[in-house]
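Encoded as structure tokens, the structure appears first; notes follow it.
The values are calculated or read from the model by the stated rules, or taken from the named source; none is laboratory data. Everything numeric in this text was worked out from a predicted model, so none of it was measured. All Cβ positions, even for glycine, are placed from backbone atoms using ideal geometry, and neighbour counts span all protein chains on display. For the accessible areas, the whole protein counts, side chains as well, though only heavy atoms, and no ligand, DNA or RNA atoms are used. Shrake-Rupley method; radii C 1.70, N 1.55, O 1.52, S 1.80 Å.
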Amino acid sequence: MSKIWIALGVLLVAVGVGAAAFLGVFDRAPPATTAAGPAGAQRAAAVDPEIAPDDRILGQPDAPVTIIEYASLTCPHCASFHKETLPQLKSEFIDTGKVKMVFRDFPLDKMALSAAGLARCMPAERYFPFLSVLFGAQASWATAADPIAALARIGKTGGLSEEEVARCTSADAHLDTVVAQRLEGEKRYQIRSTPSFVIGGKTYGGALTIDELREILKPLVP
């Protein structure tokens with residue numbers, strides 16, 4: 001996996017991040033993720049986010065409003081959002097065709113990178129259910145004595161072979177997409193912590209509550 005760290009360093013320099021930041025990018029403690037809410041929003045680079053071919057989308061692709069979530073699979077605040085708020089968001093806005101949610105990885109550490117790679121090996125229709133499993137069991141696998149072995153057990157439960165788990169959690173080419181998503185989030189949307197959300201051209205930091213999401217979405221949905 002060393003090639004990925006070298007590539008990440010080159011890309012970080014290209015976007016103006018110093019060597020010190022590169023060396024610490026996956027070893028530093030996770031940033032604070034206190035919910036900022038609508039008042040804490042920052043203007044993002046584009047009002048209509050571009051959907052990439054490899055994006056994972058929850059909801060109808062032609063839904064009029066897009067939410068982009070940047071999250072780390074080892075982030076407790078992200079897990080709380082997925083367990084507590086996402087089900088309400090899904091029932092009120094996603095299942096009704098008003099909103100689609102794009103999940104993009106923003107790994108805060110090497111384990112989050114491996115977990116993201118594992119999830120991306122799942123077929124599209126099983127991707128979000130598998131994310132739910134990872135976030136739901138986060139307290140177990142992320143703090144295990146051997147997190148990779150714990151992830152492997154989850155991956156096998158999801159139908160992956162031992163060889164597939166090894167490739168998905170460590171292959172440079174496979175993980176390049178995850179690294180690229182983090183870099184784009186930092187450069188294009190000024191993502192600095194997880195979870196963060198891009199909605200209507202603005203970036204919101206923190207685990208937004210359903211009430212905050214209703215307030216943000218009200219003027220945007222048809």
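Per-structure values
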quantity	calculated
Search result, residues across region 53-63 that are open to solvent by less than 80 Å² (accessible area, probe 1.4 Å) and assigned to a loop (DSSP other than H, G, I, E, B)	Asp54, Asp55, Gly59, Ala63
Single residue of Ile191, Ile210, Ile199 found to be of a type outside the set (Phe, Trp, Tyr), in contact with a strand residue (DSSP E or B) (Cβ under 6 Å, 6 or more places away or on another chain), open to solvent by less than 30 Å² (accessible area, probe 1.4 Å) and farther than 18 Å from Thr74 by Cβ	Ile199
Residues (more than 16 Å from Ser80 (Cβ to Cβ), polar (S, T, N, Q) and part of a helix (DSSP H, G or I)) located in region 131-161	Thr157
Which listed residue is of a type in the set (A, V, I, L, M, F, W, C), part of a helix (DSSP H, G or I) and within 20 Å of Ile67 (Cβ to Cβ), from Phe128, Phe197	Phe128
Neighbours by Cβ (under 6 Å, 6+ apart or cross-chain): first from region 186-215, of a type in the set (A, V, I, L, M, F, W, C); second in a strand (DSSP E or B)	Ile191/Tyr70; Phe197/Ile67; Phe197/Glu69; Phe197/Tyr204; Val198/Ile68; Ile199/Ile67
Tally, over region 88-108, of residues that are closer than 19 Å to Glu212 by Cα, free of Cβ contacts under 8 Å to residues at least 40 places away in the same chain and open to solvent by 10 Å² or more (accessible area, probe 1.4 Å)	4
Region 213-222 - residue that is assigned to a helix (DSSP H, G or I) and charged (D, E, K, R) and, of those, surrounded by the fewest Cβ atoms within 10 Å (Cβ to Cβ)	Glu215
Which numbered condition Tyr204 fails, given (1) part of a loop (DSSP other than H, G, I, E, B); (2) surrounded by 21 or more Cβ atoms within 10 Å (Cβ to Cβ)	(1)
Matching residues in region 111-167 - criterion: being of a type in the set (S, T, N, Q), open to solvent by less than 60 Å² (accessible area, probe 1.4 Å) and closer than 14 Å to Thr74 by Cβ	Ser114, Gln138
Residue count, region 168-181 (criterion: in a helix (DSSP H, G or I) and either of a type in the set (Gly, Ala, Ser) or farther than 21 Å from Glu125 by Cβ (or both))	8
